[in-house]
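The structure under discussion appears below in the form of structure tokens.
Just so it is clear, none of the values below were taken in a lab; they were calculated from the coordinates. In this text, all values refer to a predicted model and were calculated from it rather than measured experimentally.
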Amino acid sequence: MNRILLLGKNGQLGWELWRTLAPLGQMIAVDRQDLDVTNQGQLREAIATTSPTIIVNASAFTDVDGAESKPQFARAVNRDAPALLADESRQRNIILVHYSTDFVFDGLEKRAYVEDDFTNPLNVYGKSKLEGEQEVLGSGAIAFIFRTSWVYSLRGNGFVSKVLRWAREQETLRVVDDQIGSPTWARMLAELTALALHQALIRGPDWLAEHRGIYHLAGSGAATRFEWAQAILELDPRASEQRCKALLPAKTDEFPTPARRPAYSALDCRKFEQTFGLRIPPWHESLELAMSGD
Ligand SMILES: NC(=O)c1ccc[n+]([C@@H]2O[C@H](COP(=O)([O-])OP(=O)(O)OC[C@H]3O[C@@H](n4cnc5c(N)ncnc54)[C@H](OP(=O)(O)O)[C@@H]3O)[C@@H](O)[C@H]2O)c1
């Protein structure tokens, strides 16, 4: 029986993984209050005492703007913790699943990014996540890194929840139409992770060793933030509560933020689909499912 140590169980993705991974083994799910991943001694001890066969790391410092003024903290969570997890995984023959971001790219590409495209992060968060990837890859562990993008969940305060709230508070909404990405429903990301992990476990150690590495895993297709907001408003099951009468396109320059963001960061996920024999639903299809309720 597999024992799965899940880190970050209360995050957007972690909460969904807690449910979708449960059929694959005994879950040991923790979050910051149980185990701070920046406490390296505690992290090593937790791995020694729980003795997992699989570690899934959904913990991360994801405050992109906040990371600009807290680079050390961002690196401790996004680089040093994954480095330790990978080191322990290699020593103890544990399978590691880790997540990274489209923000490792600079956004200058004109087509969806593939896994070995040139990386050049524009902000501290992206740099810390890229360094985390490099540590995991360099460790020699059996590790799968899923790079994802524009993750949302209807729990918490992500983009979808914000748009729904703004639409109830304001008559006019302005959303940028010069940032393009792949909106990704946390629940779909968790389901696809579980299915892929299940496939990998069935195929065994040689297959795992041969196929470890980076995979892009995000909602299929691409949208501007404006198009995404438009779809959210259209699919709102309680649209009658909206005060918003106009959704208007805006430019990134009009909303200065501490961190620069890539203008284009759609991900090409064909490697994941082909390797694991899975279909990743188009982002709009997943949004429709997400918004149709639990
Ligand atoms: N959100 C996005 O748009 C996006 C886009 C691309 C890639 N990703 C990647 O996808 C993965 C999942 O992201 P998400 O959206 O689910 O993130 P999230 O909602 O911010 O969840 C991250 C979790 O990590 C926990 N955490 C942070 N610092 C910790 C620490 N020192 N020790 C233990 N736990 C800690 C957080 O706990 P607290 O709440 O207590 O801080 C939170 O529960 C991450 O690797 C992220 O980089 C996300």
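Among beta bridges identified by DSSP and lying wholly in the chain, the antiparallel ones come to about 5 percent. What is the set of long-range amide H partners of Ser100 at a cut-off below 5 Å, with H atoms built 1.01 Å from backbone N? Here Phe146, Arg147, Thr148 satisfy the definition. Pairs of Lys residues in the chain, spaced 8 or more positions apart or belonging to different chains, with C-alpha separations under 21 angstrom: 8 in total. Hey, can you grab everything whose amide H is under 5 Å from the amide H of Tyr113? Only 5+ residues off in sequence or another chain; H modelled, so Pro and N-termini drop out. Residues meeting the amide H criterion: Ala266, Leu267, Asp268. Rounded to the nearest Hz, the phi-derived 3J(HN,Hα) couplings of the range 36-49 under the Karplus curve 6.51 cos²θ - 1.76 cosθ + 1.60 (θ = phi - 60°) are 8, 5, 7, 8, 5, x, 5, 5, 5, 5, 4, 5, 5, 7, where x marks glycine and proline.
Backbone amide hydrogens, once placed in the peptide plane, bring Asp106 within less than 5 Å of Asn120, excluding anything fewer than 5 places away on its chain.
Karplus-derived 3J(HN,Hα) values for the range 60-76, using 6.51 cos²θ - 1.76 cosθ + 1.60 with θ = phi - 60°, are 6, 8, 10, 7, 4, 6, x, 4, 4, 9, 10, x, 5, 5, 4, 5, 4 Hz; glycine and proline are entered as x.
Across the range 137-154, coupling constants 3J(HN,Hα) worked out from phi with the 6.51/-1.76/1.60 Karplus curve, θ = phi - 60°, read 5, x, 6, x, 6, 7, 10, 10, 10, 9, 7, 10, 8, 6, 6, 9, 8, 7 Hz, and Gly and Pro carry x.
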